[in-house]
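The values are calculated or read from the model by the stated rules, or taken from the named source; none is laboratory data. None of these values were measured; they are calculated from a predicted model. As a convention, Cβ positions derive from the backbone with ideal geometry for all residues, glycine included, and neighbour counts pool all protein chains shown. To get the accessible areas, we keep the full protein, side chains included, count just its heavy atoms, and leave off ligands, DNA and RNA. Shrake-Rupley method; radii C 1.70, N 1.55, O 1.52, S 1.80 Å.
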Amino acid sequence: MNLFPSDVRIVGRLIAKDWQVYQKQLAGFLAGIVLALGLIGSGGPWWVAGAGAMLLIVLLVVVGSVTIQTSLLTERKQQTVPFIMSLPVSPMDVYWGKLLANLVIYLVPLLLVGGGMIALILTTPIADGLIVWIVLSVVFVLTTFCLSLCFAIACESEGWNAFVMLGLMTLIGPFMFVVGRLEGIVEHVRGEQVVWTPTALAVLAAELATIAIAIVVTSVLYARKRSFL
Amino acid sequence: MNSAVRVHYMDHLRALAMLAGVVFHAALAYSPMLHGLWPTADAGGSAAIDVVAWALHLFRMPLFFVVAGFFTALLVERRGLAGLFRTRVLRVLLPLIVLLPPVLLSLHALTVAAVTHLRHPSPLLVLLADYARTHDGLPLMPTLAHLWFLAYLMLFTLLVWAISTLEPSPRLVAALRAWRPSWPVAAIAPIVLVPALAATSAPWPAPESPLPQLWAIAFFGAYFALGYALRLNPALLDRLRRPAQLLVVAALALYAALPWVLGTPRMIPPEPAMRWLDAALQAFAGFWLTLGCLIAGRAWLDTANPAMRWLADAAYWVYLVHLPLLFALQYPLLDVALPWGVKFVLSTGLTLALSLASYQWLVRHTWIGRWLNGTRPGKVAGRTRSAALPGN
C-alpha cells in the first residue's frame, strides 16, 4: 500500500488546476474579507465591528463548504472520473492533488482572517489574552474543514456529505462558547498577557491531532483503491 | 524599466509626491493645529504652515495612488498578473516587512530619549512622560507608521487580481477605453469621495493601523482606480486640459473655506452637518488639485531629465527612511532657541540631504537599489519626450 503520490509534479499541476478553476470564487471571498476587515478596523460604533466579525466567520464557513462542494461533489456529478482515468495519473496523485488544492485554497482566507483578528487585538485596547481563544477557534474552523474535506474524499454519497458538513458547522458556535469558559483559558481571556496554559495547549494539540488523523485515515482508505472506480 | 519606454511625467510626479511627504512631515512640527498631537511639535509655529502643509496633504497621497494605479496597469499590461505579483511582493511587501521593525524601533527609541532628556518637550511628549512614569515605560505601538502606503498598495494589488479574475465585461472595458469625459464629469466626480472622508476626521489622518480602514480603501482606492483607468485610456484627461485651470482655482477657493484655513475650529466630535461639509470640501478640492497636478505634470514634466530621473530613483528610498531621520533632527531642535522658520528649513534640508546622500552612497549602486528600484540605473537618453509609449 503506497500512501504517497507517484509523481509530485503532477500533484503540483493538479493543485494549480484547481486554483485556476476556483480563483473566481476566491476573488469574491477575498473582496468580502477585505470589506469585513475594513468594517472591523473602521473604529466606528461597536455594531459595525461586530458586523465585520460576523461577516468574517460566515465567509470562512462558506468558503470551506463552497470549495468542497465545487471541487469534489460537483465534479463527481459531472462524471469527470472517466476522463481522469484516461490521464497518466494514479489515484493517489489525484487524491493528494484534491486534498492539497483544497487546503491551499482554504488556507488563504483562513490565514487572512486569523491574521486580521490577531492584528485587531494587538493594535486595539482589546485584551491580548483573547488571542489564545481566537487561535483555538480558528484552528477549530480549520479542523471542521479538514474533516468535511476528508469525508467528501472518502465518501461519495452527497446526502452523507451534506449531513457531515452541516453537522460540523453547527459545532463551531458551541465550541467557541465552551472553550471560552474552560478553566485554564477563561481566566486569561481578559488579561493583557497571551498565556498558553496546559489546557489551551491540550485543546490545540487535540485539534491538530484530529486533522492529522483525518488525513492519515483518508489516505489509507484511498490507498486501498486499485483503480479510480 | 528601460528609459526609452519610461512614462516620465508619472515617474516625476511620483518623486515629487514622495518628496512633498518629507516637507509635509517636517512642517507638522510647526503646525498650530497639530501642536498637541505631534511628537516633535515645537513651541514656535505659524498658522501659515497649517494653510500650506494641509493644502499639500490634500493631493500628495491621492496623487501618489493615481501614479501607483497607473504603474500597476502598466505592469499588468507588460508582465501579466503573475509578473505584477512578483514585482509587488519584491518591491513593496518585502520592504514593508524588512523596514517596518527598524523604523518602529528607531522612532520608539528616539521618543523615549526625547521624553527622558529634553528640557522643552512638546505637549505630547509631556503626556508620554506622565504615562511612562505611571506605567513603567512607553509601549511600542504596533502601527504601520509612514509605511502604511505600502500596505495599501499591496491590498490594491490583491483587489486588482480579484477584479481581473472576476472578468469585467469587455464592453465595459471598451467603453472605458473610449471615454473622453468633459468638465461636468470632473466637476461632480469627487462626490463619490465624500462618504469616505465623512467617515473619518478632518483633515483625513494617515491610516496607520495594521487593519485596513474602510474609508482609506474607498478613498485611496478611487484614486488608484483613476490611475489604472488612465493607463487603459491615456486620453482620459484630454478634454480636461482647459477646464483644469478653473478647477484648480475652484479647489483653492473651496480649500479656503476649510476650518483650519478660516481659523474656525470645529467642535470635537464635529456636528454631522459640519463633518459632511468638511468632507465635501476636502474631496472636491483634493480631487481637482490632483487633476491639476496630473495635467500640469503631463504638460511640463514629460521629458527625460537626468536630474529628475535621479530624484525619481531616489524618492522611494528617501521616503522610506525620512521619518526617523526627521525625528532625530527635530527632537534636539526643541531645546534650541532658533526661529521656527530656521528650524523648519534646517530639519527639512538636513533630512533630505542625509537621505539623498545615503541613497547615492549606500543604495543606488548596490543590491538595495536593485531591490527597491529594479534594474541598475543607466544613462538617460537625453531630453526626449516619453512618446515612445503608445498613447503617451
1/(1 + (r/R0)^6) with r = Cβ-Cβ of residue A:4 and residue A:108, R0 = 30 Å, i.e. FRET efficiency to nearest 0.05, evaluates to 0.75
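Checking the a/c ratio against 1.5 first, then a/b against b/c, what shape does the Cα gyration tensor give for segment B:333-374?
Numbers: a/c = 4.54, a/b = 4.13, b/c = 1.10.
Because a/c hits 1.5 or more and a/b exceeds b/c, segment B:333-374 counts as prolate.
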Highest-fluctuation residue, A:87, A:30, A:56 considered, GNM on chain A with Cα pairs under 10 Å
A:87
With each pseudo-label sitting 7 Å past Cα toward Cβ, what's the residue B:346-residue B:172 distance in nm, one decimal?
5.6 nm
Rg to Rh, two decimals, where the protein assembly as shown supplies the alpha carbon set and Rh follows Kirkwood
1.00
Note the angle between two axes, namely the Cα long axis of helix A:158-179 and the longest principal axis of the Cα atoms of chain A, as a number of degrees from 0 to 90, rounded to the nearest 10.
20 degrees
Under a point-charge model restricted to the Cβ atoms of Lys and Arg (+1) and Asp and Glu (-1), what is the dipole moment magnitude of segment B:277-374 relative to its Cα centre, in debye to the nearest 20?
280 debye
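Taking each full run of DSSP H in chain B as one helix, which ones are at least 24 Å long along their axis (Cα atoms) and have mean Kyte-Doolittle hydropathy of at least 0.0? Can you show the working numbers first?
Numbers: long enough: B:8-27 (28 Å, 0.81); B:47-88 (48 Å, 1.09); B:94-117 (35 Å, 1.82); B:148-165 (26 Å, 1.86); B:214-232 (26 Å, 1.49); B:272-300 (41 Å, 0.82); B:306-333 (36 Å, 0.84); B:340-358 (27 Å, 1.28).
Span-like helices here: B:8-27, B:47-88, B:94-117, B:148-165, B:214-232, B:272-300, B:306-333, B:340-358.
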quick shape note, segment A:1-129: Cα extents on principal axes in Å, largest first -> 58, 28, 20
Within chain B, longest stretch free of exposed trypsin sites (Lys or Arg not before Pro) [DSSP loop, at most 12 other beta carbons within 10 Å]
B:120-378
Which whole-number value in Å² is the accessible area per residue of chain B, probe 1.4 Å?
44 Å²
With label points built 7 Å along Cα→Cβ from the Cα atoms of residue B:43 and residue B:99, find their separation and express it in nm.
3.5 nm
Dipole of chain A (Lys/Arg Cβ +1, Asp/Glu Cβ -1, origin at the Cα centre): which of A:48, A:188, A:145 lies farthest to the positive side?
A:145
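Mean residue ellipticity at 222 nm from the helices of chain A, using -39,500 (n - 2.57) per DSSP H segment of n ≥ 4 over the full residue count, to the nearest 500 deg cm²/dmol?
Working: 8 runs with 172 residues, N = 229.
Only helices count here, giving -26000 deg cm²/dmol.
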Distance (nanometres) between label positions extended 7 Å along Cα→Cβ at residue B:86 and residue A:178
4.9 nm
If one compares the long axis through the Cα atoms of helix A:91-123 with the longest principal axis of the Cα atoms of chain A, the angle in degrees, nearest 10, works out at 10 degrees
Could you give the C-alpha radius of gyration of segment B:40-171 expressed as a fraction of 2.2 N^0.38 Å, taking N as the number of residues it contains?
1.46
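Can you give the calculated 222 nm mean residue ellipticity of chain B, where each DSSP H run of n ≥ 4 adds -39,500 (n - 2.57) and the sum is split over every residue, rounded to the nearest 500 deg cm²/dmol? Intermediate values should be presented prior to the final figure.
Details: 15 runs with 258 residues, N = 392.
The helix-only estimate for chain B comes to -22000 deg cm²/dmol at 222 nm.
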Exactly which GluC sites (Glu not before Pro) in segment A:165-229 are in a DSSP loop and have at most 15 other Cβ atoms within 10 Å?
A:183, A:192
What Kirkwood hydrodynamic radius do you get for segment A:8-223 when you take the inverse of the mean 1/r over all pairs of distinct Cα atoms, in Å?
18.6 Å
Stretch residue B:135-residue B:252 to full length: gain in nm at 0.36 nm per residue minus the Cα-Cα span?
37.5 nm
Given segment A:65-147 reduced to its alpha-carbon atoms as identical point scatterers, what log10 I(q)/I(0) does the Debye formula return at q = 0.15, 0.20 Å⁻¹?
-0.67, -0.93
